[in-house]
Amino acid sequence: MDGVVDFLHTAVTSPWFYLALFAVAALDGFFPVVPSESMVITAGVYAASGRPEPVLVVVLAALGAFTGDHVAYLIGRGSGGRLTRSLRPGTRRHAAFGWARRTMDERGGLILVVARYVPGGRTAVTMTMGVIRYPLRSFTPFAAIAAVSWAVYGTLLGYLGGVAFEDDPIKGVAVGLGLALAVTGVVEGVRFLRHRRARGGAATSGGEGAEVPETSRTPV
């Protein structure tokens, strides 16, 4: 365990860490298996003791996320719709892109901010916006708000863990990640309840007073 702590301390306090943080946050925008949020939270834990600088952590994480979102947008725009058409129905990616399209119709660019906190939602939203050619001049401001809010959120979670366990950074990281998982769980729970309520409302309205389709009416 001491070896892990020493390795983390060396890595996070290195001047190269800021470049690595930017790169990982950018990659996570279009290659979502990269654990950028965990890296930001870990940086926040160590920032509680002064290194790395918390402001620089927020700035580099936000810049990386902002860059990655634009790369994902351009990938979607360049695919000409082939990206979404190639998704197999029933898969998690197909469901994520379907959710992105439906929610985008309801909330517009604000969905970029919401999707930052939805597992698998961020990439689906940014790429879908590119596919449907959502105006870049509208996409960019929302992407900036999403990136900054996410960077502040991750750094703050880590910072709180670092303050609570100043002498045990591993516990601080665990607390930060636990808080992030709790927030994600709440977001997913709200999404599930809203979706369930919407389906229930649609079923009720469809069942009451629904007209019989012309093709199924019995001729007189």
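The table for this structure:
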{"quantity": "Where Val33 falls short, out of the listed (1) touching a residue at least 12 places away in the same chain (Cβ under 8 Å); (2) outside any helix (DSSP H, G or I); (3) of a type in the set (Val, Ile, Thr)", "calculated": "(1)"}
{"quantity": "Residue in segment 2-19 that is modelled with pLDDT under 90, open to solvent by 10 Å² or more (accessible area, probe 1.4 Å) and touching a Gly at 6+ places or on another chain (Cβ under 8 Å) present", "calculated": "no"}
{"quantity": "Index of the failed condition, Ser86 passing every other in (1) at pLDDT 65 or above; (2) open to solvent by 80 Å² or more (accessible area, probe 1.4 Å); (3) closer than 18 Å to Ile132 by Cα; (4) among the polar types (S, T, N, Q)", "calculated": "(1)"}
{"quantity": "Residue pairs meeting the criteria (Cβ under 6 Å; at least 6 apart or on separate chains; first more than 18 Å from Pro35 (Cβ to Cβ) and open to solvent by 40 Å² or more (accessible area, probe 1.4 Å), in segment 150-175; second in a helix (DSSP H, G or I) and charged (D, E, K, R))", "calculated": "Phe165/Lys171"}
{"quantity": "Per-region count, segment 92-146, residues in contact with a Gly (Cβ under 6 Å, 6 or more places away or on another chain), at pLDDT 70 or above, buried (at least 17 other Cβ atoms within 10 Å of the Cβ) and of a type in the set (Gly, Ala, Ser)", "calculated": "2"}
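The values are calculated or read from the model by the stated rules, or taken from the named source; none is laboratory data. Predicted model, so just to flag it, every value in this text is computed and none were measured. Methodologically, a virtual Cβ is constructed for each residue, glycine included, from the backbone with ideal geometry; neighbour enumeration extends over all protein chains shown. Ligands, DNA and RNA are stripped out before the accessible areas are found, and what is left, the full protein with its side chains, is counted by its heavy atoms. Shrake-Rupley method; radii C 1.70, N 1.55, O 1.52, S 1.80 Å.
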